[in-house]
Structures are given as structure tokens and as C-alpha cells.
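Below: the structure, in C-alpha cells.
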Amino acid sequence: MKIGITGSTGKVAGAMLKKLKTLVDPSDIVAFARNPAKAADLGVEVRQADYYNPEDWEPALRGIDRLVMISASEFNDREGQHANALRGAKAAGVQHVLYTSFLHAQTSPLPITAAHKFTENLLVELDIPSTIMRDPYYTQNWTGQLPIQIERGSILGCYHDGKVTPASRADLAESLAIVTAGQGHEGKIYSLSGDEAFTFAEFAAELSRQCGKKVDYIDMSEADYAAAMIKAGVPEIPAKIQAIVAEGASNGWLFDDSTTLSGVLGRPTKTLSQVLAEELN
């Protein structure tokens, strides 16, 4: 069975490939990259394919039985990018697609889920057997500003008292490799999340404990949080989207308590404490 992986030079794909090569013969893996030179050290066959170029995909996907489609990292017309790859997959005769979607994709009002809902629906429309891996937020999405937050002594947000269940990139990448290498996953939808739920007040408390300095969580309105990000240099549209997502946490859109991820991994997921320790050290 030939396995193809899109977005092969990204962080999740890189970690997933490392695990996958221990589960299947590396000669059965094909990595797709916009710039193949950047994927030359992956230790697998590399083929050129750009999400923006529909003509790339059908020839690139010939001979691929199972395609791991990692959602596009660029938000400019994500729907069109995904459609290019999936229509190419259909034309090339790909038998199974695993797609990295987002939590509550079919019901969530969050703007970041729209492209995922479109893609899930397109897989049905094209009648391609699929496995949907609905990822939560990466814990690392919330650790990128730790030095600034520690120096300032505060974390800003409009999460209110909403609980979130993110997971580490490493855990999600490993789960994707396990499912990719396995059998019997066609037609399944996996809602993935970390085992641990926490509020942002609890996030701030754990950060304070580990860094040795008091860091408070400052809860704001959605509008004030967006304004604070814009003032800090975040472009207006991303700032407003991030604020909408944060506000959505209080309505449960970043929460899932199914423990499906740890079930796939066969072990507990990484805790907030463990991820913070990795980031701080």
C-alpha cells in the first residue's frame, strides 16, 4: 500500500512521518511538497504538488492508495486549496483519504471551522472513503507568547471561565501515524482532545508555578481583546478571528471530553504542565 502525505514540510507532518516510518516500510511513503528541495531530508520519496495548483494533483497522486491530507497552513482560500487536492485524488483513484479537520467541524460557529466543514462535505460529495481526524487546538498555539506574558505578568483573553482541551502537536502527529498505518478506520470520525481540561486562569496559575513569577489571567470582552491584539501589532482580521475563537471557548467550542486521543495512543496525553515545561526549558 502506497501512502501519500500532504504538507510534508510542516511541523505536524514532520513528526507524523517520523513515527509512520517506524510502522510501515519507508519505501511505501510519498511526501508531497510545494518545494521538494525542502523535503529532501525526510527519508522518503518526494513529489512536487502545490495546494494552489489544481493541475499538480492528479499526476502526483497516481499510484497512491491512501492519502493523508493535512489541512492547508495558508488561510487564503483554504476551500479551494483542499478542493484541488481532493479532486486530483478522485481522478487518480486514491482509495482512502485521512483528513485533519477541526473539533466540532459540522456544528461549530467559529470562523476557523468553515473550511473544515467544506472539506468534510466535499469528501462525501466525491464519494472518497475517508477518515476524519478532528483535531483540537494545539497546546502550543497558546505557548508561543510565553516570554512576553511572563515579562508582562499577564495573559490576556476573553476565554472567561470556559474550559479547553487542547493537545500537543506531538500527540496528534503520533495518533495520525497510528491511524494511517492501521486498518478498519474508513468511515470513522475521531474527535480528538487532550485528557486534561483547564481554564485560562488555571493556565496562568500553572505558568506562574513553573516560571517562578506571578502571571495573572486578565479576562476581557471580545472587542477589548481584539483591540489589545491590534495595539500589540496583530493585523486586524487575524486579531478579530482570534478573539471570536477565544470567546467561543466559553460556549464549549474548544472542549471535548471523549478521551479518544489517548485511546488511539494507548497512553495518557501530555498535560499542560508537561507542555509548559518543554516550552520553558
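Taken as Cα centroids, region 214-229 and region 20-66 sit 42 Å apart, rounded to the nearest whole angstrom.
DSSP beta bridges confined to the chain are antiparallel in about 5 percent of cases.
For every other residue with a beta carbon closer than 12 angstrom to the beta carbon of L280, add +1 if it is Lys or Arg and -1 if Asp or Glu, then tell me the sum. Residues close to L280 contribute a combined charge of -1. Between amide H atoms placed 1.01 Å from N, distances below 5 Å from F102 occur with D135, all of them 5 or more places distant or on a separate chain.
Determine which lysines satisfy two conditions relative to K240: a Cα distance under 26 Å, and not lying fewer than 8 residues away in the same chain. By straight Cα distance, K240 reaches K11, K117, K163, K231.
For I155, the amide hydrogen comes within under 5 Å of the amide hydrogens of D216, Y217, I218, counting only partners 5 or more places away or on other chains and with H modelled in the peptide plane.
Please compute the contact order of region 1-108 in relative form: average sequence separation of alpha-carbon pairs under 8 Å and at least six residues apart, divided by the residue count, as a percent. Taking the mean separation of contacting Cα pairs over the length of region 1-108, I get 28 percent.
Each Lys and Arg adds +1 at its Cβ and each Asp and Glu adds -1 at its Cβ; summed about the Cα centre, the chain shows a dipole of about 520 debye.
Could you give the angle, 0 to 90 degrees to the nearest 10, between helix 78-92's Cα long axis and the longest principal axis of the Cα atoms of the chain? That works out to roughly 20 degrees. Accessible surface area normalised per residue over the chain is 44 Å², counting heavy atoms of protein chains with a 1.4 Å rolling probe. A protection proxy built from the mean count of other Cβ atoms within 10 Å ranks the segments 233-245, 109-121, most packed first, as 109-121, 233-245. Specify the residue with the greatest mean-square fluctuation among I230, I178, I189, computed from a Gaussian network of the chain linking alpha-carbon atoms under 10 Å apart. Looking only at I230, I178, I189, the biggest GNM fluctuation is shown by I230.
Angle of helix 114-126 to the longest C-alpha principal axis of the chain, folded into 0 to 90 degrees and rounded to 10: 20°.
In the set [x] 1.23; [y] 1.63; [z] 1.03, the label that goes with Cα Rg over 2.2 N^0.38 Å computed for this structure is [z]. Which parts of region 52-75 would a label at E186 reach, counting a residue when its backbone N lies under 13 Å from a point 7 Å out along Cα-to-Cβ? So the set is 65-67. Applying the Karplus relation 6.51 cos²θ - 1.76 cosθ + 1.60 with θ = phi - 60° to region 202-207 yields 3J(HN,Hα) values of 6, 4, 4, 5, 5, 4 Hz, where x marks Gly and Pro.
Could you work out which residue, out of E174, E74, E222, moves most in a Gaussian network model of the chain, that is, has the largest mean-square fluctuation with Cα springs under 10 Å? Comparing E174, E74, E222 in the GNM, the peak value goes to E74. With contacts taken as Cα pairs under 8 Å and at least 6 residues apart, the chain reaches a relative contact order of 19 percent.
The values are calculated or read from the model by the stated rules, or taken from the named source; none is laboratory data. Here the structure is a predicted model, which means the values were calculated and not measured. FYI the Cβ positions are ideal-geometry reconstructions off the backbone, even for glycines, and counts take in every protein chain you see. In case anyone asks, the SASA skips ligands and DNA or RNA and just uses the protein heavy atoms, side chains included. Shrake-Rupley method; radii C 1.70, N 1.55, O 1.52, S 1.80 Å.
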